[in-house]
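The values are calculated or read from the model by the stated rules, or taken from the named source; none is laboratory data. Note that the structure is a prediction, hence the values are computed from the model and not measured. Glycine gets a Cβ as well: all are built from the backbone with ideal geometry, and neighbour counts include every protein chain shown.
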Amino acid sequence: MRTETIRSPDITESPSEPGDPPAFGRCPVCKKPLRPRCIVTGEPKAPPVGQGKQSRAICTGCGNIIEYIGNGKWKLVNPN
């Protein structure tokens, strides 16, 4: 008797090119690695925590508005 093991795909880091900014967590909806940048300088930087619109971003994977809550964690702004 032969058995097959079916594995679900693991979420891994996307292949990064030299010079890519570091990931600052993942989208809570689609799990895409997030690489936010400073609005002023354009350098890779996590947004400030607890500062309203400055703490928010739009995921380029699923289009949801998410808010940075620190330590690489994000939450959906309007889960409805």
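Give the residues of the range 34-70 that are among the acidic types (Asp, Glu) and either modelled with pLDDT under 90 or exposed (fewer than 15 other Cβ atoms within 10 Å of the Cβ) (or both), sorted by residue number. Scanning the range 34-70 gives a single hit, Glu43.
Annotation note: Cβ proximity below 8 Å between a residue of the range 23-36 that is assigned to a loop (DSSP other than H, G, I, E, B) and a residue that is of a type in the set (Asp, Glu) (sequence gap 6+ or interchain) occurs for Ala23/Glu13; Arg35/Asp20. Across the range 22-33, what is the total count of residues that are aliphatic (A, V, I, L, M) and modelled with pLDDT under 85? Residues meeting the conditions: 1.
Of the residues making up the range 37-75, those that are outside any strand (DSSP E or B) and small (Gly, Ala, Ser) are Gly42, Ala46, Gly50, Gly52, Ser55, Gly61, Gly63, Gly72.
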